[in-house]
Amino acid sequence: MLTITHNQSMRLHKRCAACGKKMEKTQSEGIPYWTRKRACSPSCASLLRRGKPSWNVGLTAKTSRGVARAAKKRIGVKRTLEMRKRMSEGHARTMTYGPKNPHWKGNKAGYHAFHEWARSHFIKKGVCEICWQKRKTQWASKSKTSFARYRSGWRELCSPCHKHVDFGHVRRWKRMIVWVNRK
């Protein structure tokens, strides 16, 4: 049994049931919570729960109101064969790729969508097409205004070369091309 003691300043104290450390009631804790509290910390609370089953072990929807509320949507729902077929067709329709997908935007898709498309459709070799170094590479579109859906419209570039191409460091990039072509 836990004993609650009052000291001279009228603060509540009691001992932790797990470690025996002295606990003090904080101002934000209410009396009902404080009287139920047995542990000084979450780690001590887990020590007290060790070996005890979970609250819902052995309960069914018929014997427990909490479990019944959680399972309410699933109990007694009978779906006809036609309804199940329509549900599976609807799911299959959302799983289509390309122009058959209802969310397909075609050429009106954005920058990130095209790069994501290239990432999922083309296989990387891991070698930059400008500096020919073996590095982690990215797909870069050859055209700034339109994006192609074929391999010849994209280049596999390392991050520094991709930055030089995209952000207009044209002079340095052209020098790099000349240097690469000399080899």
- Per the filter on the stretch 67-85, residues modelled with pLDDT under 70 and more than 32 Å from the chain's Cα centre (by Cα) are GLY76
- Note on the structure: Filtering the stretch 112-141 down to residues that are more than 24 Å from TYR97 (Cβ to Cβ) and part of a loop (DSSP other than H, G, I, E, B) yields LYS125, GLY126, CYS128, GLU129, ILE130, CYS131, TRP132, GLN133, ARG135, LYS136
- Message: Quick check on my filter: what residues within the stretch 42-66 are more than 20 Å from MET23 (Cβ to Cβ) and under 28 Å from the mean Cα position of the chain (by Cα)?
- Response: SER54
- Query: Among the candidates TRP117, TRP154, which residue alone is surrounded by 12 or more Cβ atoms within 10 Å (Cβ to Cβ), aromatic (Phe, Trp, Tyr), in contact with a Ser or Thr (Cβ under 9 Å, 6 or more places away or on another chain) and modelled with pLDDT of 75 or more?
  - Reply: TRP154
- Task: From the list PRO53, PRO99, pick out the single residue that is in a helix (DSSP H, G or I) and modelled with pLDDT under 85.
- Result: PRO99
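The values are calculated or read from the model by the stated rules, or taken from the named source; none is laboratory data. Quantities reported herein were computed from a predicted structural model and do not represent experimental measurements. All Cβ positions, glycine included, derive from the backbone under ideal geometry; neighbour counts span all protein chains shown.
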